[in-house]
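The values are calculated or read from the model by the stated rules, or taken from the named source; none is laboratory data. Being a predicted model, the structure only gives us computed values, none of them experimental. Glycine also receives a Cβ, built like all others from the backbone with ideal geometry; neighbour counts cover every protein chain displayed.
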Amino acid sequence: MNLTGNTILITGGTSGIGRALAEAFHALGNKVIISGRRQVLLDEITAAHPGMSGLQLDLDDPDEIEVFAVRIRREFPGLNVLMNNAGVFKVEDLTCDNIDISLARQTIQTNILSVLQLTAGLLPLLRAQPRSTVLATSSGLAFVPRAAYPSYCGSKAFIHAWLQALRFQLRDTSVEVLELAPPYVQTELGGPEQASDPRAMPLAEYIAEVMALLANPNPPRGEILVKRVEGLRWAEKNGTHEKTFAALNAI
């Protein structure tokens, strides 16, 4: 994708990878719109980055997503990049007698259904642009799961397959379809301790590598893979899946 001259919407743009991408693209002169649940954070981030827009959005509410898509089409008719980045990452205990599937429902709504709904709501606008991009964040855990996060890993495997199908269906249109599959990165997705975990990839380092990869006009298979995630992505192909799974779940 082009790194400049875009109007970009980033969901989950108030923290972690989403915020870092928003700041990186804003620094390059793009028109950036971030969405998130917390208005205080949206106000704080946009005040620090004049020209950036922040719109409140609860991805757990399908009606709100529908209204939001209408608003985006009306207020930002030049939108040409959609980055579905928001995600839920929660531990689930499937060994107890009273399994709480509300966690799975929330994960599926945020990580899958909201992505499908928002993309569907904005695709007509994106297809009308001379060149546009749909990107969704999956995970290295789509390929080798952490057993404590079954719904999260399953949702990211779904996103990987869905993006592949979407890419094929849109192959003769102006819409490029990309998958961002992060490794373990220093964000607060899994809690405050993750942001300083030395085993995780520093966020600034991750974003720098991602931006360089996004500049590639034809990323292989439409996948944005930093070096650190390749061990997970290719574990099955390389015959190391069982070993990698065992190491990952020994943590």
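Of all residues in segment 94-107 being out of contact with any Pro (no Cβ under 7 Å at 6 or more places or on another chain) and in contact (Cβ under 8 Å) with a residue 24 or more places away in the chain, which is farthest from LEU178 (Cα to Cα)? Only one residue tops the list, namely LEU103.
Looking at segment 225-251, which of the residues that are more than 24 Å from THR4 (Cα to Cα) and not in a helix (DSSP H, G or I) is nearest to the chain's Cα centre (by Cα)? Checked segment 225-251; the qualifying residue nearest to the chain's Cα centre (by Cα) is TRP234. Examine segment 86-109 for a residue that is within 26 Å of LEU3 (Cβ to Cβ) and either outside any helix (DSSP H, G or I) or touching a helix residue (DSSP H, G or I) at 6+ places or on another chain (Cβ under 6 Å) (or both), and state whether such a residue exists. The answer is yes, given that some residue of segment 86-109 is within 26 Å of LEU3 (Cβ to Cβ) and either outside any helix (DSSP H, G or I) or touching a helix residue (DSSP H, G or I) at 6+ places or on another chain (Cβ under 6 Å) (or both).
For segment 123-166, which residues satisfy the criterion of being charged (D, E, K, R), buried (at least 18 other Cβ atoms within 10 Å of the Cβ) and outside any helix (DSSP H, G or I)? Before you say what the answer is, go through the steps one by one.
Applying the first criterion (charged (D, E, K, R)) to segment 123-166 yields 127, 131, 146, 156.
Next, from what is left, pick out any that are buried (at least 18 other Cβ atoms within 10 Å of the Cβ): 146, 156.
Scanning segment 123-166 gives a single hit, ARG146.
Residues that are among the small types (Gly, Ala, Ser) and either within 13 Å of ALA20 (Cα to Cα) or free of Cβ contacts under 8 Å to residues at least 40 places away in the same chain (or both) within segment 36-59 comprise ALA47, ALA48, GLY51, SER53, listed in sequence order.
Against the criterion of being touching a His at 6+ places or on another chain (Cβ under 6 Å) and within 16 Å of LEU82 (Cα to Cα), SER132 does not qualify. Taken together, the residues in segment 78-101 that are at pLDDT below 95 and among the small types (Gly, Ala, Ser) amount to 2.
Cβ-Cβ contacts under 7 Å between residues 6 or more apart (or on different chains), taken from a first residue in segment 213-224 that is in a loop (DSSP other than H, G, I, E, B) to a second residue that is at pLDDT 90 or above and of a type in the set (A, V, I, L, M, F, W, C), are listed as ALA215/LEU3; PRO219/LEU178; PRO219/LEU213. When residues of segment 223-251 are filtered for being surrounded by fewer than 12 Cβ atoms within 10 Å (Cβ to Cβ) and in contact with a Lys or Arg (Cβ under 8 Å, 6 or more places away or on another chain), how many remain? Qualifying residue count, segment 223-251: 1.
Within the set LEU79, LEU59, LEU3, the sole residue that is in a loop (DSSP other than H, G, I, E, B), more than 16 Å from the chain's Cα centre (by Cα) and surrounded by 18 or more Cβ atoms within 10 Å (Cβ to Cβ) turns out to be LEU79. When residues in segment 42-51 are screened for being farther than 21 Å from VAL67 by Cα and surrounded by 12 or more Cβ atoms within 10 Å (Cβ to Cβ), 4 of them pass.
The set of residues from segment 167-212 being crowded, with 20+ Cβ neighbours inside 10 Å, at pLDDT 95 or above and among the hydroxyl-bearing types (Ser, Thr, Tyr) comprises just one member, TYR206. Filtered by the rule that a residue be part of a loop (DSSP other than H, G, I, E, B) and either aliphatic (A, V, I, L, M) or within 20 Å of GLY191 (Cα to Cα) (or both), segment 6-31 gives GLY12, GLY13, THR14, SER15, LEU28.
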